[in-house]
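Structure record follows, encoded as structure tokens.
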Amino acid sequence: DELAARAMETFQTPGIAIGVVQGGELVYAKGHGVREIGRSDPVDPDTIFQIASLTKAFTAAALGILVDEGKIDWDDRVIDSVPEFRMYDPWVTREFTIRDLLTHRSGLGLGAGDLLFWPEARSTIEDVIRAMRFLEPETSFRTAYAYDNLLYAIAGEVVARVSGVAWGDFVEKRIFEPLGMTECRSVPARLDADSSRATPHMVVDGELQTTFFSGGGVTAAAGGINCNVTGLAKWAALHLAAGALADGERLLSEETHAELWKPVTLLPVSAAAREHSRTHFSAYALGWGLADFHGDLLVSHSGGLQGMTTFIGILPERDVAVIALGNQWSNAPPAVVLEILSAYISETPEDWVAVAAEAGAERADEARKEVEKAFADRDAGSTPSLPLESYVGTYRDPWYGDVFVEGSEDGLVMRFSRSDKLTGPLEHFQYDTFVARWLDRSLLADAYVTFILGADGEVEAIRMKWVSPDTDFSYDFHDLDLKRVVGE
């Protein structure tokens, strides 16, 4: 209880739910704080949170069920299930397997293509599949780790096509129902109207405020599940039992469960992990992260959406799992989980709240200094090359679609065709570069917008990148290749 209070205060988190599973039993389950600032509704173990990327392990398990049924193999080619699937490189297309969908080793950059679904973007699975062929790789196939979401959306489509059942229906029927996760839903639209639901929050200009719920949408298989500590405790118990249900029946075979926790893609080990966890290796398996943690195997995953963060950590050799769900975009959940887990290993557990707070403050300070330097070093006296009306137009990217630059009484406005959230005025920065200041300030994702002039002196393209390096990676503005549309 003291740890939860300290974490909420440190990270400005209104509410957090914590569950501890040991020996297959939920030995601690409690909510702390409130579901929403300005209201008195308390967080409890049944409070529903958006669990974000904790969903990825459910998608991997859904595929595991199909493996156990002999309908697919982990190393089957994706094009055998989704024939229209294409990557940028034809050889990669032919070699891309179901295992590759789950292990963040595609060669694409971090969060490539995420603007197709974020923030609250309108896309279909057909749009996602079509887009993959236009996303240029940053590294060779299977040589480097770079976290992605779109390939998990395609993994969900594999589940649907192989089983004949939509991903959401499959997860609810084949996983939630056998486990008794009665209040959990594959997407938020399926929640009961009277669900006890935590509201997401963001800190904007130092002030805590509510923000919008993510709708799940096309990437539900990557981060759409809504659940509570009570339900996730049953999910954790399943994994502590290597795929067996409480009654001894199996949801997953031992072989398949072992495959879910087999390292595939190596991750770099941070200095903080080496110092505070004595970590020597880190890897990504199938929907799970693996690392050594003070000599024990730690199986874990984090989740983050607008105004929500979650974390689950499992020490299988000690038969314990810890879950934390928070209703603010912060490091509170991972700090709480790691501190509890370290108490199972050491009589003097690491103060992970302090460690995470220090790391977060350093990162924010470095980002702030970089932004301040960029604005201090700019040529503030420069002017655009052309009259503002010359920049107005439609700009098209081959994988995303259209972005509009429009005129207003106060200057220029940028508007993304797929997301109403990405609308805001363009503030002149220097020369032909502007800064998009999105009207929804809770996005924390202002972006540089540079207009490229052709040999004839007319605008022909736009390049974008985020202003602050602390911007969430799903705002992959830098992946856009926006060319001006002429003659339409």
Karplus couplings for the range 260-266 from phi (6.51 cos²θ - 1.76 cosθ + 1.60, θ = phi - 60°), rounded to Hz, Gly and Pro as x? 4, 9, 8, x, 10, 10, 6
Per residue, the convex hull enclosing the Cα atoms of the range 69-150 spans a volume in Å³ of 99 Å³
Please label the shape of the range 1-50 as rounded, prolate or oblate, based on the square roots a ≥ b ≥ c of the eigenvalues of the alpha-carbon gyration tensor (a/c under 1.5 means rounded; beyond that, a/b larger than b/c means prolate, else oblate). oblate
In degrees, nearest 10, the alpha-carbon axis of helix 352-377 is tilted away from the dominant principal axis of the alpha carbons of the chain by 10 degrees
Within the chain, longest stretch free of exposed chymotrypsin sites (Phe, Trp or Tyr not before Pro) [DSSP loop, at most 14 other beta carbons within 10 Å]: 1-280
Provide Rg over Rh for the range 276-411; use the alpha carbon set for both Rg and the Kirkwood Rh (inverse mean inverse pair distance). 1.20
Plugging the Cβ-Cβ distance of A271 and R250 into 1/(1 + (r/R0)^6) at R0 = 35 Å yields, to the nearest 0.05, a FRET efficiency of 0.30
How much accessible area per residue does the range 303-344 have, in Å², with a 1.4 Å probe? 21 Å²
Within the accessible area of the range 46-193, what % is carbon and sulfur when the probe is 1.4 Å and the other protein chains stay in place? 47 percent
Loop GluC sites (Glu not before Pro), the range 333-409 (other Cβ atoms within 10 Å of the site Cβ: 12 or fewer; DSSP): E347, E409
What is the total of Lys pairs in the chain with C-alpha atoms under 18 Å apart, excluding same-chain pairs fewer than 8 positions apart? 10
Enter the per residue convex hull volume of the range 378-488, computed from alpha-carbon coordinates, in Å³ rounded to the nearest integer. 117 Å³
For the chain, what relative contact order do you get, as a whole percent, if you take Cα pairs closer than 8 Å and at least 6 residues apart? 17 percent
With just the Cα atoms of the range 398-455, tell me how far they stretch along each of the three principal axes, in Å, largest first. 36, 28, 22
Relative contact order [Cα under 8 Å, 6+ residues apart], the range 87-220, whole percent: 26 percent
Seen from all sides and averaged, what is the projected area of the convex hull of the Cα atoms in the chain, in nm²? 24.0 nm²
The helix 332-345 Cα axis meets the longest alpha-carbon principal axis of the chain at an angle in degrees, between 0 and 90 and rounded to 10, of 30 degrees
Per residue value of the accessible surface for the range 370-468 (all protein chains in place, 1.4 Å probe), Å²: 47 Å²
Bin width 5 Å, origin at 0, all Cα-Cα pairs of the range 194-285: what percent of pairs per bin? 3, 10, 10, 11, 16, 18, 18, 10, 4, 1, 0
How many angstrom separate the Cα center of the range 299-333 from the Cα center of the range 1-63? 8 Å
How large are Rg and Dmax for the range 91-247 when calculated on the C-alpha trace, in angstrom? 17.5, 51
For V371 and I452, calculate 0.36 nm times their separation in residues minus their Cα-Cα distance, and state this gained length in nm to one decimal. 26.9 nm
Rounded to the nearest 500, what is the 222 nm mean residue ellipticity of the chain from helices alone, with -39500 (n - 2.57) per DSSP H run of 4+ residues and division by all residues? -8000 deg cm²/dmol
Accessible surface, per residue, of the range 52-112 when the full set of protein chains is kept, probe 1.4 Å, Å²: 32 Å²
Loop-located trypsin sites (Lys or Arg not before Pro) in the range 268-358, at most 16 other Cβ atoms within 10 Å (DSSP): R278
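The values are calculated or read from the model by the stated rules, or taken from the named source; none is laboratory data. Keep in mind that this is a model prediction, so the values were computed, not measured. In this analysis, Cβ positions are derived from the backbone assuming ideal geometry, glycine residues included, and neighbour counts consider all displayed protein chains. Ligands, DNA and RNA are stripped out before the accessible areas are found, and what is left, the full protein with its side chains, is counted by its heavy atoms. Shrake-Rupley method; radii C 1.70, N 1.55, O 1.52, S 1.80 Å.
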